[in-house]
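Accompanying notes for the structure given below.
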Amino acid sequence: MASIYTTGATYQAYRASLLHFSDDPAFQKNAYSWHEDGLLVVSEGRVHVAGDYAALIDFLPAGTPVADYRGKLIMPGFIDTHVHYPQTDMIASPAPGLLPWLDKYTFPTERKFADPEHAANVARFFLDELVRCGTTTAMVYCTVHPQSVDAFFNESEKRNLRMVAGKVMMDRNCPDFLQDTAESGARESEELIKKWHKRGRQLYALTPRFAPTSTEAQLELTGALAKAYPDTFLQTHVAENLDEVAWVKSLFPQARSYMDVYDRFGMLRPRSMYAHCIWLDDNDRARMAETRSAISICPTSNLFLGSGLFDFEKADAQNVPLSLATDVGGGTSFSMLQTMNEAYKVARMGGTYLQALRMFYLATLGGARSMELEGTIGNFVQGAEADFIVLDPHATPLLQRRTERTDSLEELLFALALLGDDRTVLATFSAGQQVHQRLD
Ligand code: GUN
Ligand code: ZN
């Protein structure tokens with residue numbers, strides 16, 4: 001057999017149990033690869049090969065370092081498809097629902113990001129927290145201030161993380177100190193695209209906050225930018241809360257539905273990410289599937305703000321691309337494991353059942369697919385960027401006790417999802433470089 005290794009290249013290898021996905025286990029039988037005693041080989045920041053230790057070890061070039069993580073689980077880094085970095089400092093702020101929470105906490109907190117030093121300080125903490133929780137890619141809202149985007153991407157670039165982020169656009173129904181105009185929002189967004197989109201691992205997302213805070217003129221220009229820069233991302237909120245839905249109906253009486261507002265402005269397209277999607281109808285979901293627009297499910301936020309329960313069954317029946325997200329600061333945890341825990345319960349409340357395997361799919365390859373980044377991140381195919389995490393099934397006394405009594409991979413993953421959190425993440429690697437090590 002010809003060697004799969006190139007003379008002169010450098011490799012690093014990691015021995016552990018390996019899990020990654022090639023498809024959605026809810027719909028495909030052989031959707032995942034599991035190697036109980038596995039080996040992940042990385043070269044130049046990319047995955048070279050992943051498989052059984054016994055099958056690979058004899059061919060590994062002499063002298064290749066092998067990190068020994070036996071007893072641990074290596075999988076692709078988590079992908080959080082909706083999170084607000086400026087809201088880090090206001091996580092767990094009490095309010096009776098979305099709209100009062102925005103007025104009382106969110107807008108005053110976001111005001112502080114006019115100061116680039118404050119923005120850099122929060123971005124540093126935020127990114128440290130993400131990697132501590134095993135998240136290696138996120139779709140991130142900055143604030144209305146372009147300097148908040150510069151601060152975020154500067155910090156992300158320093159860590160060589162694959163991040164997607166954008167400047168919030170709001171030209172009405174918000175405090176003056178956070179308001180742009182249709183023209184300035186589009187101009188600043190375009191400048192930021194030119195500066196940051198595809199610079200290293202950074203990617204830009206057009207970010208109108210949500211329909212109530214944009215005029216038709218702003219949404220029109222957003223749609224035009226989405227068309228002019230088709231490989232950028234687009235992110236916004238939709239159908240999160242019933243008061244918000246009623247507000248949108250009064251602001252856009254001619255639209256068929258809340259989602260239809262975005263559709264009319266050409267905002268449904270591949271690489272568009274819609275957070276929440278609780279109060280959609282079948283027409284909305286059909287349009288999302290047709291246009292390959294994705295849903296970002298935010299269970300901790302939806303429970304915290306009392307927004308509603310995401311309907312997995314309806315979304316699956318119409319084949320809408322799904323992903324999972326924390327939505328911090330509306331969300332109550334940076335941990336995608338804790339997010340799975342709450343997603344599981346939300347599904348149960350809706351009469352559906354979420355397999356653990358599927359939850360890990362949604363938090364890895366599901367996110368990558370929703371962002372049209374399959375092959376780049378989200379699994380261990382050859383050439384994918386080597387973003388991976390090492391999970392410790394013995395991270396806490398309770399996890400240890402429970403995982404020592406599991407009888408299948410499904411049971412092991414279920415225990416990790418329900419009982420795991422930041423402590424479960426022993427190490428995080430981004431493009432083959434370690435960016436987090438848990439301190440015991
Ligand atoms: N809708 C508009 N803005 C926001 C926000 O910051 N968080 C959440 N959860 N929903 C929103
Ligand atoms: Zn949000």
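Read the figures in this text as sums done on the coordinates, not as results from a lab. What you see is a predicted model, and the numbers here were worked out from it, not measured in a lab. Quick reminder, even Gly has a Cβ in these numbers, built from the backbone with ideal geometry, and neighbours come from all protein chains shown.
Indicate the gyration tensor shape class of region 90-160 (rounded, prolate or oblate), computed on the Cα atoms with a ≥ b ≥ c the square roots of the eigenvalues: a/c under 1.5 is rounded; otherwise a/b larger than b/c is prolate and the rest oblate.
Values: a/c = 2.44, a/b = 1.44, b/c = 1.69.
In terms of gyration-tensor shape, oblate.
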Most mobile of 37, 263, 282 in a GNM of the chain (Cα contacts under 10 Å): 282
Note, ³J(HN,Hα) from phi for region 120-136, Karplus 6.51, -1.76, 1.60, rounded to Hz, x at Gly and Pro: 5, 4, 5, 4, 4, 4, 4, 5, 4, 5, 4, 5, 4, 8, x, 8, 10
Average Cα contact separation per residue, region 156-294, under 8 Å, 6 or more apart, as relative contact order %: 22
Residues whose placed amide H lies under 5 Å from that of residue 272, excluding near-sequence neighbours: 234, 294
Amide H contacts under 5 Å for residue 141, placed H, 5+ residues apart: 83, 84, 85
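In whole angstrom, how long is each semi-axis of the equivalent ellipsoid of the chain, when you take the square root of 5 times every eigenvalue of its Cα gyration tensor and sort them from largest down?
Details: eigenvalues 260, 110, 82 Å².
The equivalent ellipsoid of the chain has semi-axes of 36, 23, 20 Å.
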Per-residue HN-Hα couplings for region 166-174 [Karplus 6.51, -1.76, 1.60; θ = phi - 60°; Hz; x = Gly/Pro]: x, 6, 5, 10, 8, 10, 6, 6, 8
Exposure proxy order (Cβ contacts within 10 Å, fewest to most) of 141, 69, 353: 353, 69, 141
For q = 0.13, 0.23, 0.25 Å⁻¹, Debye-computed log10 I/I(0) when each Cα of region 285-386 counts as one equal scatterer: -0.46, -1.27, -1.38
Percent RCO, i.e. relative contact order, over the chain, from Cα pairs under 8 Å lying at least 6 residues apart: 19
Ranking of 29, 249, 112 by count of other Cβ atoms within 10 Å, fewest first: 29, 249, 112
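Can you give me the relative contact order of region 3-71 as a percent, contacts being Cα pairs under 8 Å and 6 or more apart?
Details: 119 pairs, mean separation 26.7, N = 69.
Answer for region 3-71 is 39 percent.
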Cut-off 19 Å (backbone N to label point 7 Å along Cα→Cβ of residue 407), residues of region 346-362: 355-357
Debye log10 I(q)/I(0) for region 362-423, one point scatterer per Cα, at q = 0.17, 0.24, 0.30 Å⁻¹: -0.69, -0.93, -1.13
Within straight-line cross-link reach of residue 198, lysines at Cα separation under 28 Å, skipping those fewer than 8 residues along the same chain: 112, 158, 167, 227
The chain: calculated mean residue ellipticity at 222 nm from DSSP helix runs of at least 4, using -39500 (n - 2.57): -10000 deg cm²/dmol
Note, ³J(HN,Hα) from phi for region 426-440, Karplus 6.51, -1.76, 1.60, rounded to Hz, x at Gly and Pro: 7, 7, 10, 10, 10, 6, x, 9, 6, 10, 7, 9, 5, 9, 7
Amide H contacts of residue 46 (H built 1.01 Å from N, under 5 Å, at least 5 apart or other chain): 386
Nearest-ten-degree value, helix 242-251 long axis tilted from longest Cα axis of the chain: 50
Those residues of region 196-233 whose amide nitrogen sits under 15 Å from the label point placed on residue 172, 7 Å along Cα→Cβ: 209-222
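If you place +1 on the Cβ of every Lys and Arg, -1 on the Cβ of every Asp and Glu, and leave all else neutral, what size is the dipole of region 212-264 about its Cα centre, to the nearest 20 Debye? Numbers along the way, then the final one.
Numbers: 4 positive and 8 negative charges, 30 e Å.
The dipole magnitude comes to about 140 debye.
Using the beta-carbon distance between residue 231 and residue 103 and R0 = 25 Å, what value does 1/(1 + (r/R0)^6) give for FRET efficiency, to the nearest 0.05?
Numbers: r = 36 Å, r/R0 = 1.42.
The calculated FRET efficiency here is 0.10.
I'd like the per residue volume of the convex hull spanned by the Cα atoms of region 343-390, given in cubic angstrom.
Values: hull volume 3.9 nm³, N = 48.
Dividing the Cα hull volume of region 343-390 by its residue count gives 81 Å³.
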Sorted by Cβ density within 10 Å, fewest first, the residues 174, 133: 174, 133
Highest-MSF residue in the chain out of 417, 246, 343 [GNM, Cα springs under 10 Å]: 246
Tail weight of P(r) past 20 Å, computed on alpha-carbon pairs of region 171-265, percent: 38
